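Working notes for the structure below.
The values are calculated or read from the model by the stated rules, or taken from the named source; none is laboratory data. Just so it is clear, the structure is predicted and the values come from calculations on it, not from any experiment. Please note that ligands, DNA and RNA were not included when accessible areas were found on the heavy atoms of the full protein model with its side chains. Shrake-Rupley method; radii C 1.70, N 1.55, O 1.52, S 1.80 Å.
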Amino acid sequence: MAVVLPDESVTNAASARRSIRVGPPIAAACVFLIANAALASGSLPPEPLAAGPFSTFAACLAYLMEKHREQTALAMPKPVIMQEGGTHQTLVSTKGVSQDSGERAVYEAEIDYQNRAMDVQTQRIVTNISWQRYSLSCQGAAFRGTVQRGYYVPALEPAP
């Protein structure tokens, strides 16, 4: 692959050109970096969460219920105006704690942290969202839990 740069003074089409030779590994790295910049959303691997130890299923279940209460309390019904401009809103999506007939209970939730601000240069509203996904369960008195963190590609919309 060659990158061709025009000479300092380009006065006619017959002007000489100089080129820089770029090897395939460097060209592939450039394409990879450009593609990653264009698709800039991602996540970290799930992290284990520790809780307990619990002596009974009821104690573990009570922990899941408390986590549900704590996390749903984070939800903001409307965006809040930030001091530096823009808005912030925390959204919580969950079905609550589900329990089957045995000693098994599951709690899953996604918490989205949404920040919106005006990009003065482009006259667009930029929305950035980072998230946390929780997966917690009790099997008898044994607790298992993970949290995964990530973010979405920033969204752009025209200003009103």
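Computed quantities for the displayed model
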{"item": "Amide hydrogen neighbours beyond the local backbone of Ala141, cut-off 5 Å, H modeled", "result": "Phe57"}
{"item": "Arg133 accessible area, 1.4 Å probe, all protein chains in place, Å² to nearest 10", "result": "90"}
{"item": "Solvent-accessible ranking of Ile111, Ile81, Ile125, largest area first, probe 1.4 Å", "result": "Ile81, Ile125, Ile111"}
{"item": "Largest-first ordering by accessible area, 1.4 Å probe, given options Tyr152, Tyr107, Tyr63", "result": "Tyr152, Tyr63, Tyr107"}
